[in-house]
């Protein structure tokens, strides 16, 4: 009998095992078919996109998000991407997909699944040493724990994310956004603890950075958070303005989740401003949107505020239904802050209805929840973390500044050395340039002196002196004492003027004309006073104020005498005219003779056995060029041949344009 019983038991166990094996086999087959069916549901276009991503393997969030932004809310597609990325050991793709799946579960208040997925993403990012996705995963974990009111855990994750992101000297755009998210999350934690000033400081810091990145979603979130803090501080008008600004950003990017949050907050302001009807008209369509999004985090506060508004209108049954529904959702999804608010409103509702026992129960529950959220140890813990972080950051900044100061000192020392060497080089160059300039000046001065000496020699040439003295001697021999004395006085006066003028660079035109008149008087002795010499000065010219180079006209008069008139028979004339040029910048001096002309003079010169080289004109040109350097304009010399109507030579005109400005 026992053996039979034992056999029956064995048969029963074996039967159960076979049944379980069949069930397991059926389950595996069902799962395989199910997965295959789901795989078949993946669009070919998405498969091609994933294949391209796996092939190119971008490692930054921005590159992946740009391609997958439209598909990131589809959990089926993200699971497919996660599986393909894991199979191909494409860490960045796997982390992106896991975080997006976690975000999807977070937004449907399935927090345990969200935490599991974000933790898996963090493990993969850590193993792949991808700092950008590691920071992103830490921030996502912080957000989930904050929604669950686990403030300490949330602070640990967000603070770690911030420290890692700020350790990069030149962060990418994705890392900059992660830094902004960290600041925002830390601000939310301060807000949970009732530290509203600190929270606003964090939100404003994040808002500035989001503006720099031109991120409308980030700006919308921070404006919303600042509004919540201002509302808690009793600044209702400012809070309403921030909510509306946030709503405008959400409308721009067509963000339904943002619309629900902003409208819920705006309705809450209406309630506090004793406008319950206005609040209900806004909350009713908002509740439909929240349910469509299937996010308990959004639905719970809408129900709670609807209950609050209806309670003010004494619609107690509807108010009770909405408040308790909001409380149930808050407890289900561990939304302690909303649960505390619902309990407080329920307490007030029952008190108004005269149910004081229920009112007391819910009031005690509200106080318990608020204590759990913002107990002193949690607040001290968060503050200690932030103080430690700020202290560590300042120490790091001090070290960086010390290094920068040392680099600046080294750079300054290097710059001083370079400056000293440069100064010495410049001083040396300046010295060389000065020496070269002085040499140039001395060379010019020497040239001018040489010209002056040559000019003096040309003025005092032996032929002129010999001829002049011979003429005077003839007067003495012929016993013409009066003429001899007269011309001797003129000769001595001319020599004195020439010697005086030779030491001056420029002299008044009047003195120059007096000198040439003396010269022509003496030379006229040789020509038996046959030369008719005239000087004409225009009335608008003052010869005493106009300066010209000393002894500049004599060579041209000598040329007229020697080459123009010496071989001419008949009347001999030389006329010197002074007048202004076309403008006041020049004076024109013309010397006109009625001699034989240049062509005939050259022919005579060629036929002479003894040829006389005249260097006076060339020297005069150089002297005029030196003189003109001190003026804006330059000199100009023209020699014009004159002819009669029948074409015969009728003398020469030398025209000098001498600058006065």
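A quick yes/no check of all residues on (1) modelled with pLDDT under 85; (2) farther than 26 Å from residue 501 by Cα; (3) not in a strand (DSSP E or B):
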| site | (1), (2), (3) |
| --- | --- |
| 536 | no, no, no |
| 541 | no, no, yes |
| 562 | yes, no, yes |
| 576 | no, no, no |
| 592 | no, no, no |
| 599 | yes, yes, yes |
| 610 | yes, yes, yes |
| 613 | yes, no, yes |
| 618 | yes, no, yes |
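Which of the numbered conditions does residue 336 fail, given that it passes all the others? Conditions: (1) surrounded by fewer than 23 Cβ atoms within 10 Å (Cβ to Cβ); (2) more than 21 Å from residue 106 (Cβ to Cβ). Just one mismatch for residue 336, condition (2). Of the candidates 546, 552, 531, 525, the single residue that is in the same structural domain as residue 593 (by TED's automatic domain parsing), within 60 Å of the chain's Cα centre (by Cα) and surrounded by 15 or more Cβ atoms within 10 Å (Cβ to Cβ) is 546.
Looking only at segment 262-278, residues that are closer than 12 Å to residue 305 by Cα and under 49 Å from the mean Cα position of the chain (by Cα) come to 9 in all. Condition (residue is modelled with pLDDT of 85 or more and within 15 Å of residue 148 (Cβ to Cβ)) applied to segment 349-368: is it met by at least one residue? No, segment 349-368 has no match at all. Could you tell me whether segment 284-299 includes any residue that is part of a helix (DSSP H, G or I), at pLDDT 90 or above and out of contact with any helix residue (DSSP H, G or I) (no Cβ under 9 Å at 6 or more places or on another chain)? Yes. Scoring residue 269 on the criteria (1) assigned to a helix (DSSP H, G or I); (2) surrounded by fewer than 16 Cβ atoms within 10 Å (Cβ to Cβ) leaves a single failure, condition (2). Only a single criterion out of (1) under 23 Å from residue 268 (Cα atoms); (2) not in a helix (DSSP H, G or I) is not satisfied by residue 225, namely (2).
Among residues of segment 271-290 that are farther than 16 Å from residue 312 by Cα, those with a beta-carbon under 7 Å from a residue that is surrounded by fewer than 15 Cβ atoms within 10 Å (Cβ to Cβ) at least six positions away or on a different chain give the pairs 289/256.
Within segment 416-428, is even one residue under 21 Å from residue 620 (Cα atoms) and at pLDDT below 85? The answer is no; no qualifying residue exists.
Mind checking which residues of segment 234-261 are in a loop (DSSP other than H, G, I, E, B), over 16 Å from residue 290 (Cα atoms) and touching a helix residue (DSSP H, G or I) at 6+ places or on another chain (Cβ under 8 Å)? Across segment 234-261, the qualifying residue is only 253.
The values are calculated or read from the model by the stated rules, or taken from the named source; none is laboratory data. Since the structure is predicted, the reported quantities are computational estimates derived from the model, not experimental observations. Cβ sites come from the backbone with ideal geometry, for glycine too, and all protein chains shown count toward neighbours.
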